[in-house]
Structure formats: structure tokens, C-alpha cells
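The block underneath contains the structure these notes are about, expressed in C-alpha cells.
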Amino acid sequence: MAKTNDTLTIDIHGLYADEAKEKLEKEIARAPAYIKIIRVIHGYNKGNILQETVRKRIRSKRIKEISPSFCNEGESIIYLF
């Protein structure tokens, strides 16, 4: 996990979908208010299940939007309120 200014990066390679969901929801819940973007690295070959988990199953009142990264198929961007 890496932090820069208003962005947090979380790598979920190698996790099962339920583990990834739990980890991301915990990180979103405890992220400081100044964190507005979470870059989630899930991979794209065997990361399709993780990709779907990030884009469709993650729930939090802080989430404003979840979208694919324009630069990398293997990551998604979570925008926070």
C-alpha cells in the first residue's frame, strides 16, 4: 500500500475476491478524509474476477465513483467523497 498526497494505491494481486472486497472496504473506511482517490491494482489476465469485485461489489458511503483506469487495464480507480 502506497500513499501520495490525495491518492492511496492498493495491490490486491493474489487475493480471493472475498478477501479483496473485505480489504478494500476496510481501507476505504479508515482512509483519512484527504484521500480522494484509491488506485486498485488487480491485474487483467487472471485479475478479471478481482476487477469485477472492485467495480461491482465494493460498497461504502464514501465512494463517489469507480471506473477503469485509462492508462492500465489491470487497475481500477475509486473516487471518494
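Only the coordinates and a few stated rules stand behind these numbers; no lab work does. If you're wondering where the values come from, they're calculated on a predicted model, not measured in any experiment. Cβ atoms come from the backbone with ideal geometry, glycine included; neighbour counts cover every protein chain shown.
Yes or no, residue by residue, for (1) of a type outside the set (S, T, N, Q); (2) touching a helix residue (DSSP H, G or I) at 6+ places or on another chain (Cβ under 9 Å); (3) surrounded by 15 or more Cβ atoms within 10 Å (Cβ to Cβ):
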site: Ala29; (1), (2), (3): yes, no, no
site: Tyr34; (1), (2), (3): yes, no, no
site: Arg39; (1), (2), (3): yes, no, yes
site: Gly43; (1), (2), (3): yes, yes, yes
site: Asn48; (1), (2), (3): no, no, no
site: Ile58; (1), (2), (3): yes, yes, yes
site: Lys64; (1), (2), (3): yes, no, no
site: Ser69; (1), (2), (3): no, no, no
site: Phe81; (1), (2), (3): yes, no, no
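Checking Leu15 against (1) crowded, with 16+ Cβ neighbours inside 10 Å; (2) in contact with an Asp or Glu (Cβ under 6 Å, 6 or more places away or on another chain), which test does it fail?
Evaluating Leu15 over (1) crowded, with 16+ Cβ neighbours inside 10 Å; (2) in contact with an Asp or Glu (Cβ under 6 Å, 6 or more places away or on another chain) leaves (2) as the failure.
Please name all residue pairs, on different chains or six or more residues apart, with Cβ atoms under 6 Å, provided the first residue is in the range 52-81 and is charged (D, E, K, R) and the second residue is part of a loop (DSSP other than H, G, I, E, B) and surrounded by fewer than 17 Cβ atoms within 10 Å (Cβ to Cβ).
Close Cβ pairs (under 6 Å, with a partner that is part of a loop (DSSP other than H, G, I, E, B) and surrounded by fewer than 17 Cβ atoms within 10 Å (Cβ to Cβ)) amount to Arg62/Phe81; Lys64/Phe81; Glu73/Tyr44; Glu75/Ser69.
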